[in-house]
Each structure stands twice: as C-alpha cells, then as structure tokens.
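Visitor: Please see the structure below; I have some questions.
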C-alpha cells in the first residue's frame, strides 16, 4: 500500500501521539506527595477523643456539602445550631466552629485543596470573605508550625 | 409459557408493591434526621423595628457623636473607602432635607435643619429591594428583617435602584484592605456584592441587641418588636409623635423618628 507523503504523515502522527499522551508519560512512575493535611493544632491536641462533626471519611468527601447546608440554614432560616448524628451540638459557623479546631488553614484546608488541583483561581472562595484565623492574630499559624517541628 | 391477563395484573401489582416498599424501608432505616435548632437565648419578635429619639441623640450626645456608626463598622467589618461614590454605609447621618425630602417646608426650627438624622435600612414591610432581586439574595425574614444573603448576590444592583432610602452599598472593589480592624466573627464581603444593615441578625441570634443600639450612650436608639404592644419600642411610639422616611411610598418602613 502506498501512502502519498507517507513519511510526513507518519512523522506528524508520531509527534501528535507523543504530545497528546504527554501528561501520561511525563508523570509516569513519579510518586506524588500525599496531601497530608495537618491536625496539629492546640485545640485538637487537647481533645480526649479526636473527632470531627461527622466521621472522618464523610468530612473528607462531604464537608463542602455540609457547609452549603449550614449556609442555607443560618442565612435563610435563621437556624444556627447543628445537631450532629451523634447528638452533639455545633454552632453553624466557619469562623467560630470550624476554625476553632482547625486553626491552621495553610496546613489543613490549603494542603488538600492544592492537592486536589484547586489552584488560586478556582480556590474555594470561602476565604475571600470569611476571616481566616491567621488574620485574627498575626503569627498564630507560625506558632503552630513551630510546635509541629 | 402463556400468561393470562389475570396473572399479568397480579405480577404487575406485586412489582408495584415491591418498588413502593423501598421508600417505606428507607424511612424506617433512618434512625434520626439531622436537626437544625435556634439558640435558646435568641431574641424573638414578629417584626423587629427601631425608633430613633432625635432629641436624645442631639441633646444628650456630644456634638458630632458617631458611636453608633463606629460600633456598626467594627461589628460588620465595614470598609472605610476614601472615594465618596464608592462608600459602604450601613448606618450614617443625613441632613433633614435629605433624609425627609418632600417633608421639608423651610420653616423648621434651625435645630432640625442643621442637626444630623441617623439613617439606616428601614427594613420595610413591603421592601422594594426584595421585590426586584432576581436571585432572592435579599429576602424578608419571618421576624421582619430584610436580610441579605451575600453568597447569592450577583451584584446586579437592582435593589440599589429600587431602595428609596439609599440604604444599600455596592462593593466596587475588594473591601478587605479598607477594613481598619477585622472582626473575626463576621465575614467581610467580596467585590461585586451589595450590602446593607441587617439589624444585627447575627447578634439577635445569640440574644444580644444591635451593636448601634448598644453603643449609643444617650439611649437614643430604641429597638424592639413592633407587633408587641408591651415592647419598649411600642411604648415609646405611643408616647411621642414620630415621623418616617418617605411614608407616601407605601413601603411601611420599620424605622421611626421620635420628634
């Protein structure tokens, strides 16, 4: 079988396949560092039984849904207290409840969000309005960082 | 295998029963549904409203007193933007002629003409801003507060055009750098979002009174339930003559001025 301009076409095809599969072979075999969100905050360290509002697995996959439900309940229905499935009560507030334990946004929230590929532009924009603890008292995050070393 | 019409209907019936039992089983399987409660300390009212005793404000307060404004700015992270037309205001003062246009008749006492009137969102019963909001980002709470859901605001500014009191401000730029001291318990806003007084709904929810009312040293701001004849507010309104801003528009404002 004769292909007209076969040489150029084949070279072109090879280049195309190489470029198209670039993301696959470029990262192949490289270990990706785990997100490793840090739970090393003074409040969590002081907890007898370490637990979040919902079981850990559920928090990992559903925290954004939970926050969305909280937002609706607080802003639109004026309900501000959440009763977790285990009966414990929580104030539905990112600032006073979530950040009470997770006072290390850079080592907790950001690590996972960055790992999941949420770059600056698509970062959950919660924090453009909701005040992050490090902004509360300058140096708070740095202090936690030192403790973990 | 031949099936009679009768058998077909029987099987069909059993299938339908089986399918519908799924929901019933689900309902029983759920031990408890998540609950959302209000704080037991939260203040309750049919309609929150305010009366501003202008005499107390002028006579007992110091000249140029802005305690209420400062308290509000601090509580709600309100930016101090130097460009006049980009200002963000929740409570501010206005001259009589601007606060009550159409009601001035040039013969008022000098005091009325010169002294400041505190103005804020009127939390109207028939709020024009709520009617025009295309996303229902602004809405009426069951307790009479005209609320803002900043998350849902798309910044179209219809509400600003609709509000006859100029009580709404638009964030033309990121307000964060202009907030002098950030209150960590209240969010700031994003660029492109409209904001206004919320009668301190977040403070009412934990049993406190609005920040401006608390801050006023001369107790010129009276806050309470307009539907409760025993409230301090209703007693004040019953004992003194009061006026409202632009009553002719039929918005039924919730802010009264005791003259």
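The values are calculated or read from the model by the stated rules, or taken from the named source; none is laboratory data. As the structure is a prediction and not an experimental result, all values here were calculated from the model. All Cβ positions, glycine included, derive from the backbone under ideal geometry; neighbour counts span all protein chains shown.
So that you can scan it fast, the table gives a plain yes or no per residue for (1) surrounded by 10 or more Cβ atoms within 10 Å (Cβ to Cβ); (2) out of contact with any strand residue (DSSP E or B) (no Cβ under 7 Å at 6 or more places or on another chain); (3) at negative phi:
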{"residue": "B:36", "(1), (2), (3)": "yes, no, yes"}
{"residue": "B:45", "(1), (2), (3)": "yes, no, yes"}
{"residue": "B:62", "(1), (2), (3)": "no, yes, yes"}
{"residue": "B:76", "(1), (2), (3)": "yes, yes, yes"}
{"residue": "B:89", "(1), (2), (3)": "yes, no, yes"}
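Visitor: For the stretch B:66-115, what are the residues that are within 18 Å of residue B:212 (Cβ to Cβ) and either modelled with pLDDT under 90 or more than 26 Å from the chain's Cα centre (by Cα) (or both)?
Guide: Matches in the stretch B:66-115: B:115 only.
Visitor: Filter the stretch B:214-243 down to the residues that are touching a strand residue (DSSP E or B) at 6+ places or on another chain (Cβ under 6 Å) and in a loop (DSSP other than H, G, I, E, B), then identify the one that is farthest from residue B:99 (Cα to Cα).
Guide: By that ranking, first place goes to B:231.
Visitor: Inspect all residues belonging to the stretch A:19-27 and state whether any of them is surrounded by 10 or more Cβ atoms within 10 Å (Cβ to Cβ), over 30 Å from residue A:83 (Cα atoms) and at pLDDT 85 or above.
Guide: yes
Visitor: Out of (1) at pLDDT 85 or above; (2) in contact with a helix residue (DSSP H, G or I) (Cβ under 8 Å, 6 or more places away or on another chain); (3) surrounded by fewer than 18 Cβ atoms within 10 Å (Cβ to Cβ), what's the single condition that is false for residue A:107?
Guide: All conditions pass for residue A:107, except number (3).
Visitor: Turning to a different aspect of this structure: Name the single residue, out of those in the stretch A:71-112 being over 21 Å from the mean Cα position of the chain (by Cα) and part of a loop (DSSP other than H, G, I, E, B), that is nearest to residue A:46 (Cα to Cα).
Guide: Filtering the stretch A:71-112 for residues that are over 21 Å from the mean Cα position of the chain (by Cα) and part of a loop (DSSP other than H, G, I, E, B), the one nearest to residue A:46 (Cα to Cα) comes out as A:88.
Visitor: Might you check whether a residue that is modelled with pLDDT under 90 and under 30 Å from residue B:144 (Cβ atoms) occurs anywhere in the stretch B:4-24?
Guide: No, the stretch B:4-24 has no match at all.
Visitor: Being within 12 Å of chain B (Cβ to nearest Cβ) and either under 30 Å from residue B:76 (Cα atoms) or without any contact (Cβ under 8 Å) to a residue 40 or more places away in the chain (or both), is that true of even one residue in the stretch A:28-49?
Guide: no
Visitor: Filter the stretch B:175-194 for residues that are closer than 18 Å to residue B:82 by Cβ, within 12 Å of chain A (Cβ to nearest Cβ) and surrounded by 15 or more Cβ atoms within 10 Å (Cβ to Cβ) and give the result.
Guide: Matches in the stretch B:175-194: B:175, B:176, B:179, B:188, B:189.
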